[in-house]
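The values are calculated or read from the model by the stated rules, or taken from the named source; none is laboratory data. Note that the structure is a prediction, hence the values are computed from the model and not measured. So basically every Cβ, Gly included, is an ideal-geometry build from the backbone, and we count neighbours across all protein chains shown. Protein only, heavy atoms only, side chains kept; ligands, DNA and RNA dropped before computing areas. Shrake-Rupley method; radii C 1.70, N 1.55, O 1.52, S 1.80 Å.
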Amino acid sequence: MRIVIAGGHGQIARRLERLLSARGDAVAGIVRKPEQAADLVAAGAEPVLCDLEAATVDEVAGILRGADAAVFAAGAGPGSGVARKDTVDRGACALFAEAAEAAGVRRFLVVSSMGADADAPDGADPVFGAYLRAKGAADDDVRARARLAWTILRPGALTDEPGTGRVALAERTGRGSVPRDDVAAVLVALLDEPGTAGRTLELIGGTVPVAEAARQAAVG
């Protein structure tokens, strides 16, 4: 397959790039800064320079044309304010989805967040509340696109512990944490399991092997 990943320099994205390239897939990662390119090359991916906050649909569609799948793994990241939660976590996702439609790319995965909700309250942290709202609005936008065979993945708290290869993957898992290694492995399994299209799935650490968890999620 040829897979294009938005947010190609992110921690989950680089893990995903290594897994996909190691099995022979062609991977392109969209990055915003030229100095990020070397890390993608080291992960086995082709770096593509593009600022999703400034690009047009046509520009991004040109990057996506000919791909078998697209993965949105971008995010404004820690330290960003409310405004960039909207322009990246929501706006860039909507742009990437529209570009995938324009390019004829049906398979579309989104790395979202547990608790994402367009109506999430601010709570004790207004920036985190804005993040959850932006992610929720992005998920709603993608779910409304009938031309995409989408799957939305909502991981719990992310850790840098080594992956276990065993997870809980379902519409509702309850709160928990999950290593970034296992999130990347689940994304690969979702790409291989088209029956998960149209599903919004939560992900935490668990006891079920990743491939089996994806098969079970496809069954429902």
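The residue that is surrounded by the most Cβ atoms within 10 Å (Cβ to Cβ), among those in the stretch 95-119 that are farther than 17 Å from Thr200 by Cα and among the small types (Gly, Ala, Ser), is Ala100. The condition (being in contact with a strand residue (DSSP E or B) (Cβ under 8 Å, 6 or more places away or on another chain) and at positive phi) is satisfied by just one residue among Gly8, Gly24, Gly44, Gly29: Gly44.
Would it be correct to say that Asp125 is in contact (Cβ under 8 Å) with a residue 40 or more places away in the chain, open to solvent by 20 Å² or more (accessible area, probe 1.4 Å) and either of a type in the set (Asp, Glu) or touching a Gly at 6+ places or on another chain (Cβ under 6 Å) (or both)? For Asp125, the condition - in contact (Cβ under 8 Å) with a residue 40 or more places away in the chain, open to solvent by 20 Å² or more (accessible area, probe 1.4 Å) and either of a type in the set (Asp, Glu) or touching a Gly at 6+ places or on another chain (Cβ under 6 Å) (or both) - is not met. Condition check for Arg143 on (1) touching a helix residue (DSSP H, G or I) at 6+ places or on another chain (Cβ under 7 Å); (2) open to solvent by 20 Å² or more (accessible area, probe 1.4 Å): one failure, at (1). Sort through Ala61, Ala70, Ala92, Ala100 and tell me the only one that's in a strand (DSSP E or B), under 20 Å from Arg143 (Cα atoms) and touching a residue at least 40 places away in the same chain (Cβ under 8 Å). Going through Ala61, Ala70, Ala92, Ala100 in turn, just one is in a strand (DSSP E or B), under 20 Å from Arg143 (Cα atoms) and touching a residue at least 40 places away in the same chain (Cβ under 8 Å): Ala70.
Taking the stretch 12-49, which residues are surrounded by fewer than 16 Cβ atoms within 10 Å (Cβ to Cβ), within 24 Å of Arg90 (Cβ to Cβ) and touching a helix residue (DSSP H, G or I) at 6+ places or on another chain (Cβ under 9 Å)? Scanning the stretch 12-49 gives a single hit, Leu49.
All of Leu40, Leu19 fail the test of being part of a helix (DSSP H, G or I), touching a residue at least 60 places away in the same chain (Cβ under 8 Å) and not acidic (Asp, Glu), apart from Leu19. Scanning the stretch 55-94 for residues that are among the hydrophobic types (A, V, I, L, M, F, W, C), surrounded by 20 or more Cβ atoms within 10 Å (Cβ to Cβ) and within 14 Å of the chain's Cα centre (by Cα) yields Ala69, Ala70, Val71, Phe72, Ala73, Ala74, Ala76, Val88, Ala92, Cys93. None of Thr151, Thr196, Thr200 is surrounded by 16 or more Cβ atoms within 10 Å (Cβ to Cβ), of a type outside the set (D, E, K, R), touching a Phe, Trp or Tyr at 6+ places or on another chain (Cβ under 8 Å) and modelled with pLDDT of 95 or more except Thr151.
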